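Below you will find the structure I want to go over with you.
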Amino acid sequence: MRSEVLTVQVEAAARAAGLAVVSSEADASRVTAKFLLALAGDAAAGRTMLLELSERFEFGRPDLRDGVRAYLAEAAKRLRNPRPECALTLHGIPLSFGRFEWPFHPSSSGADTSLVHGEVRLEDGGESVLHAKIAASMTVTFRDVVAAPEQPFAEGFVYNAVRKTMDQGQLELVKSGNRQPVPLTTRFYSPKYKAFSFNDTSEEQRNGFVAGKVYWLSGVLGGGAPVWLLDPRDAQYLNTTVEELRKAVGSLAVEGILRATDAEYGAATEKLMERREEYVAQLERMLAFIRPSFNEEMRHGLTNM
């Protein structure tokens, strides 16, 4: 009965955001309900997203209900992207996010933390082989600043923490391997401003990020289709505002780096795609940076362990 009520509530919220529930199912082992969402009338395009909520999720609470509605409104805009599951790191690594198991669950090791598991994959236009299995851990202190340990309230900062941790060289993309930790602590949150904090960026860095996002997500992965450039998740990741992103988009459009298709979306131009060598070289430098050198030393016997 709980699952049936939650299904009706999610369907109504999805409709209000311009989305449709393609399918739904209950996961008895995790006591959750899963909803496959697509843009209304666009399910055949194959662009979908999975929403997973606890069956006991309190949809009737105004703050939680409003949070889900805001999340779905953003999701509807992301689903217009050719690859809605993809994002770029500040230092130029294109990633896809998937297989996340919501909500957070208590650690089985006895630690006073909550965990969510997932996976990110390198998306450089070739075969997606390199990946990192993620174990994002949330401390009790950090839990106090989150409205609920559920996907609509945690997905954004978890994905941003993964991007930040990747750029710091603390996650390795491998062909196979164990889960790698992504600690979610108050270092990602500013009590003074009551806001998440990831990367202090300059105007030049923001322009570079937007250009890189258009290059990879539109030009390489999207076949030239437009992508959403005013994503609040990116604004949070860059410690900036949507309005600053809008300025970056306008500046790049004037330079001919991107083609604005409407007020919020833009596509790659030929001028941008001519910078392929630059973006590929940047990616190769980052992949070398995040590959631990001690692994290579151990493989060649250069260790006294």
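Just so you know, all these numbers are worked out from the coordinates, no wet-lab data involved. Quick caveat, the model's predicted, so the values are computed rather than measured. For neighbour counting, all protein chains shown are included, and Cβ atoms are generated from backbone atoms with ideal geometry for every residue, glycine included.
Can you pull out the chymotrypsin sites (Phe, Trp or Tyr not before Pro) in segment 169-251 that DSSP calls coil and that have at most 16 other Cβ atoms within 10 Å? Write down the numbers at each step before the final one.
Details: sites: 188, 189, 193, 196, 198, 209, 215, 216, 228, 237; in loops: 193, 198.
Counting only loop positions with at most 16 other Cβ atoms within 10 Å, the chymotrypsin sites (Phe, Trp or Tyr not before Pro) in segment 169-251 are 193.
Which GluC sites (Glu not before Pro) does segment 78-170 hold that lie in a coil by DSSP with at most 14 other beta carbons within 10 Å?
Numbers: sites: 85, 101, 119, 123, 127, 150, 155; in loops: 85, 123, 127, 150.
Qualifying residues, ordered by number: 127.
Obtain the nm distance between the two label points defined at residue 194 and residue 28 by a simple spin-label model: each point lies 7 Å from its Cα along the Cα-to-C-beta direction.
Each label point is offset 7 Å from its Cα along the Cβ direction, giving 4.4 nm.
Now for a separate question. What is the calculated FRET efficiency for residue 66 to residue 4, with r their C-beta to C-beta distance and R₀ = 22 Å, to the nearest 0.05? Please report the intermediate quantities before stating the final value.
On the way: r = 23 Å, r/R0 = 1.03.
That gives a FRET efficiency of 0.45.
List the residues whose amide H sits under 5 Å from the amide H of residue 201, counting only those 5 or more places along or on another chain, with H placed 1.01 Å from N in the peptide plane.
Residues meeting the amide H criterion: none.
Next up: How much FRET efficiency would the formula 1/(1 + (r/R0)^6) give for residue 147 and residue 251, where r is the Cβ-Cβ distance and R0 is 41 Å, rounded to 0.05?
Numbers: r = 35 Å, r/R0 = 0.85.
The formula returns an efficiency of 0.75 here.
For segment 220-226, take each phi angle, set θ = phi - 60°, evaluate the Karplus expression 6.51 cos²θ - 1.76 cosθ + 1.60, and give the result in whole Hz per residue in order, putting x for glycine and proline.
8, 8, x, x, x, 6, x
Sticking with this structure for a sec: Treating only the Cβ of Lys, Arg, Asp and Glu as charged (+1, +1, -1, -1), what charge dipole size does the chain show about its Cα centre? Round to the nearest 20 debye.
Values: 36 positive and 40 negative charges, 47 e Å.
Using only the charged Cβ atoms, the result is roughly 220 debye.
Still on this structure: Can you tell which of 239, 178, 199 shows the greatest fluctuation in a Gaussian network model of the chain with Cα springs below 10 Å?
178
Report ³J(HN,Hα) in whole Hz for each residue of segment 127-135, in order, from the Karplus equation J = 6.51 cos²θ - 1.76 cosθ + 1.60 where θ = phi - 60°; Gly and Pro get x.
3J(HN,Hα) across segment 127-135, in whole Hz: 5, 7, 10, 6, 7, 9, 7, 10, 10.
Could you pull out which residues in segment 73-109 have an amide N less than 16 Å from a spot 7 Å beyond the Cα of residue 56, following the Cα-Cβ vector?
What the label zone holds, given the 16 Å backbone N cut-off, is 103-107.
Subtract the Cα-Cα distance of residue 204 and residue 278 from 0.36 nm times their separation in residues, and report this length gain in nm to one decimal.
Working: separation 74, 0.36 × 74 = 26.64 nm, distance 1.63 nm.
Residue separation times 0.36 nm, minus the Cα-Cα distance, leaves 25.0 nm.
Extension gain residue 139-residue 117, at 0.36 nm per residue separation less the Cα-Cα distance, in nm?
Numbers: separation 22, 0.36 × 22 = 7.92 nm, distance 1.50 nm.
Result for the pair: 6.4 nm of gain on full extension.
How far apart, in nanometres, would the label points at residue 176 and residue 285 be if each is projected 7 angstrom from Cα along the Cα-to-Cβ direction?
Distance between the two pseudo-spin positions: 3.4 nm.
Skipping prolines and chain starts, which residues have an amide H placed within reach, meaning under 5 Å, of the one on residue 196, given they are 5 or more residues away or on another chain?
When sequence neighbours closer than 5 places are left aside, the close amide H contacts are 190.
Which value in nm describes the separation of the simple spin-label points at residue 11 and residue 260, placed 7 Å from the Cα toward the beta carbon?
So the two model labels end up 4.0 nm from each other.
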